[in-house]
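Presented below is the structure to which this report refers.
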Amino acid sequence: MNYQEAKALLEKKGQTQLLRYYGELTESEQASLLHVIGSLDWSFEEAFKNPEDLSGAGRDIRPIDGMKRPAIEAKKAVFKAAGVEAIKAGKVAAVLLAGGQGTRLGVDGPKGAYDIGVTRPLYIFEQQMNNLLEVVNECGAYVPLYIMTSEKNHAETTAFWKEHNYFGYPETEVKFFVQDMAPAVDFEGKIFLETKERPALSPNGNGGWFTSLKRAGLVDELKARGVEWINIYAVDNVLQRIADPVFVGATLLSGVNCGAKVVTKNNPKERVGVLCLENGKPAIIEYYELTDEMANEQAADGSLAYIYGVILNYLFRLEQLERTAAARMPVHIVKKKIEHVNEAGETVRPETENGYKFELLAVDLIKFMDSVLPFEVEREREFAPIKNKTGVDSVESARALLEKNGVKL
Ligand code: UTP
């Protein structure tokens, strides 16, 4: 795209601010800016103009039944045997979603490279891999691992894994792919400039993982390897059990298209997505989309009706993902603090939210699965998210939970 084409496009779109500093740039910076403008994903415009109503109000949302811990315990041996068999047969792969920016934690670099150790280094990636290696040892087979990064952290993430010898995994079993980016805009819908030569782009949310995996040619690779199930998981839960044979077996034997690890919510408004039924089909409603009335609703036994909080650990049937990959996922518009260059050419690091990012969310994939097994796990053993520096879901709380689980820090 040349300057004239970019100018015409941006005039049509009402985004000429992206060329505000064009005249000050070097030739290569100009070329790079024009290239980025030419490859911008404009699908945010529709989401901005006609935002979907994603609130819980007015939707036919009901509680869902799940497999509770006593039921799992009773059939644990059968589930485990089925899970081990599937892993041994190479039918299960894992996808680590590590393209997020971890703004709440506020550290530079990939979140997984964060050192949660106290007397020794223990990186989040490493801690999660220690859990996966337990499964590998138990099954006598590797679970192929695919790691989603973003343009913002790809180079650092891949270098970190290499430097740490893939945390005990064979290099050949670890593949990286980069997720797509979406523009970040101010409250009027104008795309910010991150620097004078670059529009502000950010990872398009963790829901784009399957499309990005496919674009990288890795879905074909998975199929060629005979993989039938994909276990996706978040980087920030340091108690994450990946390819847990009991979970794998229970999902496979239940005949569903998806298994979802869930914990019992610890309060009605806990900030976790909640598994439910929408129009009779499994879905997840985000905590901020749950009305107060729904959040407090009680089941017959007095427990919360919407009790199953998801922990971003799902097992998807690959065939079903393929069938639904083309389906249009809803775009979530999220208020964020967006660093940018202002009209005076100064870099602004806002203290409060100043614009929107557009995100696809993994939780929305559940709607396309038709059948889901909510599989309850023990919170204290499997859920230690690191979202913040201190307080709730923080480094401190995760360290305490790791110690409770016998991990030396
Ligand atoms: P979060 O929703 O906590 O987002 O991610 P985040 O970007 O890591 O953190 P904040 O909100 O800026 O503080 C949940 C999981 O989804 C991944 C994250 O890496 C984490 O594993 N994720 C998130 C992506 O892979 N891509 C994204 O675009 C967003």
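The values are calculated or read from the model by the stated rules, or taken from the named source; none is laboratory data. The structure displayed is predicted, hence computed values, not measured ones. Positions of Cβ are backbone-derived with ideal geometry, glycine not excepted, and every protein chain shown enters the neighbour counts. Just the protein is used for accessible areas: all its heavy atoms, side chains included, with ligands, DNA and RNA removed. Shrake-Rupley method; radii C 1.70, N 1.55, O 1.52, S 1.80 Å.
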Legend entry - Every residue from the stretch 358-382 that is of a type outside the set (A, V, I, L, M, F, W, C) and out of contact with any His (no Cβ under 9 Å at 6 or more places or on another chain): Lys367, Asp370, Ser371, Pro374, Glu376, Glu378, Arg379, Glu380, Arg381, Glu382
Legend entry - Scope the stretch 63-122; condition of a type in the set (A, V, I, L, M, F, W, C), away from the ligand (no atom under 16 Å from the Cβ) and within 30 Å of Gln179 (Cα to Cα); matching residues: Ala86, Ile87, Ala89, Val92, Ala93, Leu122
Inset, instruction - Output the helices (runs of 4 or more DSSP H) that fall wholly within the stretch 1-103 and possess 3 or more residues being open to solvent by less than 60 Å² (accessible area, probe 1.4 Å) and touching a residue at least 40 places away in the same chain (Cβ under 8 Å), or say none. - result: 27-38, 44-49, 76-88
Inset, instruction - Considering every residue within the stretch 277-290, establish whether at least one is within 16 Å of the chain's Cα centre (by Cα), on the phi < 0 side of the Ramachandran plot, β-branched (Val, Ile, Thr) and buried (at least 21 other Cβ atoms within 10 Å of the Cβ). - result: yes
Legend entry - Pair list, Cβ < 7 Å and 6+ apart or interchain, from the stretch 297-314 residues that are touching a residue at least 60 places away in the same chain (Cβ under 8 Å) and over 28 Å from Val238 (Cα atoms) to residues that are open to solvent by less than 10 Å² (accessible area, probe 1.4 Å) and of a type outside the set (A, V, I, L, M, F, W, C): Glu297/Tyr306
Inset, instruction - Look at Ala384 and say whether it is surrounded by 19 or more Cβ atoms within 10 Å (Cβ to Cβ), within 25 Å of Ala283 (Cβ to Cβ) and within 14 Å of the ligand (Cβ to nearest atom). - result: no
Inset, instruction - Could you tell me which residue of the stretch 249-266 is most open to solvent (accessible area, probe 1.4 Å), considering only residues that are closer than 17 Å to Pro63 by Cβ and assigned to a strand (DSSP E or B)? - result: Thr264
Inset, instruction - Determine if the stretch 193-203 includes at least one residue that is of a type in the set (A, V, I, L, M), more than 16 Å from the ligand (Cβ to nearest atom), over 23 Å from the mean Cα position of the chain (by Cα) and open to solvent by 50 Å² or more (accessible area, probe 1.4 Å). - result: no
Legend entry - Scan of the stretch 332-372 for residues that are of a type in the set (Asp, Glu), more than 15 Å from the ligand (Cβ to nearest atom) and touching a residue at least 24 places away in the same chain (Cβ under 8 Å), ordered by number: Glu343, Asp370
Inset, instruction - Pull up the stretch 155-184, narrow it to residues that are open to solvent by less than 40 Å² (accessible area, probe 1.4 Å) and within 13 Å of the ligand (Cβ to nearest atom), then point me to the one that is nearest to Gln17 (Cα to Cα). - result: Ala184
Inset, instruction - Identify the residue in the stretch 225-244 that is more than 16 Å from the ligand (Cβ to nearest atom) and within 16 Å of Val174 (Cα to Cα) and, among all such residues, is surrounded by the most Cβ atoms within 10 Å (Cβ to Cβ). - result: Ala243
Inset, instruction - Out of the residues in the stretch 387-396 that are within 15 Å of the ligand (Cβ to nearest atom) and outside any loop (DSSP other than H, G, I, E, B), state the one that is farthest from Arg241 (Cα to Cα). - result: Asn388
Inset, instruction - Please determine, by comparing only the residues of the stretch 131-154 that are in a helix (DSSP H, G or I) and either touching a strand residue (DSSP E or B) at 6+ places or on another chain (Cβ under 6 Å) or within 16 Å of the ligand (Cβ to nearest atom) (or both), which one is farthest from Glu85 (Cα to Cα). - result: His154
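Condition check ((1) under 30 Å from Leu193 (Cα atoms); (2) of a type outside the set (S, T, N, Q); (3) open to solvent by 30 Å² or more (accessible area, probe 1.4 Å); (4) not in a strand (DSSP E or B)) across all residues:
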{"residue": "Asn313", "(1), (2), (3), (4)": "no, no, no, no"}
{"residue": "Arg323", "(1), (2), (3), (4)": "no, yes, yes, yes"}
{"residue": "Lys335", "(1), (2), (3), (4)": "yes, yes, yes, no"}
{"residue": "Pro374", "(1), (2), (3), (4)": "no, yes, no, no"}
